[in-house]
Amino acid sequence: MHSWMPKSVACYAVAMSEMTIARRAVAHRGRRLEYFTIAWNTLEGLIGVGAGLLAGSISLVGFGMDSFIEVTSGATLLWRMSVDEDIERRERNEKLSLRIVGVCFIVLATYIAYEAISDLIRKTAPAHSIPGIVLACVSLVVMPILSRAKKKVGNALGSAAMNADARQTDFCVYLSAILLVGLLLNAAFGWWWADPIAALIMVPIIAKEGIDGLKARHCCA
C-alpha cells in the first residue's frame, strides 16, 4: 500500500512544478505585452495630442489622452505581474489596478464632454488632420491583434486586471473607428461639427469603462 505513495507524491510535485513554470512563462508573456502597450500608446498619445492641438480637434486630443491612460493601465499591470506568485498581494493589486485606471477614465470622459460641448456652442471648426487619419487607421490594425494576445494571457492567469486591460484595448478600437469617421467627414465635406460629435460619442464608452473600473468589475468574455 505504501509503495505507490512516494511515487504519487513525486508525480504531484512534478505536476505542480510544471504548472508553476508554465504560469511564470505566461506572466512573462503578459509583461512583454504590457511593455509593448506602454511603448505603443506613448507614441500614439504624443501623436494624437500633438496633432489634435494643432488641428483644434477635441476627438483627436481625447483619443491621444486615452492612449496615455492606456500607458497608466500598462504600468499598473506590470506592477500586478510583479507579484503574480503572491496570491494575497496579487488580488489586492488586481482591484487597485482596476480602480486607478477607472479614475483616469472618469476624468477623461468629463474633460472630453466639456470641451466637445464648448466647441459645439462656439462652433469651433477644427482643421483637417492627415496625421490623425493615419493614426486612426494604424490603430485599427494594431489594437485588435494586441487585444487578442492580452485575452489569452488574462484567461491563462485568471487575471481580472489583464482581461480588463484587454477590454480597454478593444474599446480603443471603437474610439479609433469613431475618430476616423469624424476626421474623414470633416476633411471630405467640411462638416466641422463631426469632430465634437465624435468626441461626445466617445464619452459614454469611456465613462462606462471608468465606472466598471471603480467598481472593480470585469468581463472575461
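Nothing in this text is a laboratory measurement; each read-out follows from the coordinates by a stated rule. What you see is a predicted model; the values in this text were computed from it and never measured. Neighbour counts run over all protein chains shown; Cβ positions are idealised from the backbone, glycine included.
So how much slack lies between A39 and V141, counting 0.36 nm per residue of separation and subtracting their Cα-Cα distance, in nm?
Result for the pair: 35.1 nm of gain on full extension.
Cβ neighbours within 10 Å, averaged per peptide: list 71-77, 199-205, 143-149, 54-60 in order, most packed at the top.
The densest-packed peptide leads the list: 54-60, 71-77, 199-205, 143-149.
Starting from the exponent 0.38 and prefactor 2.2 Å, build the expected Rg for the stretch 145-193 from its residue count and divide its actual Cα Rg by it.
After normalising by residue count via 2.2 N^0.38 Å, the value is 1.63.
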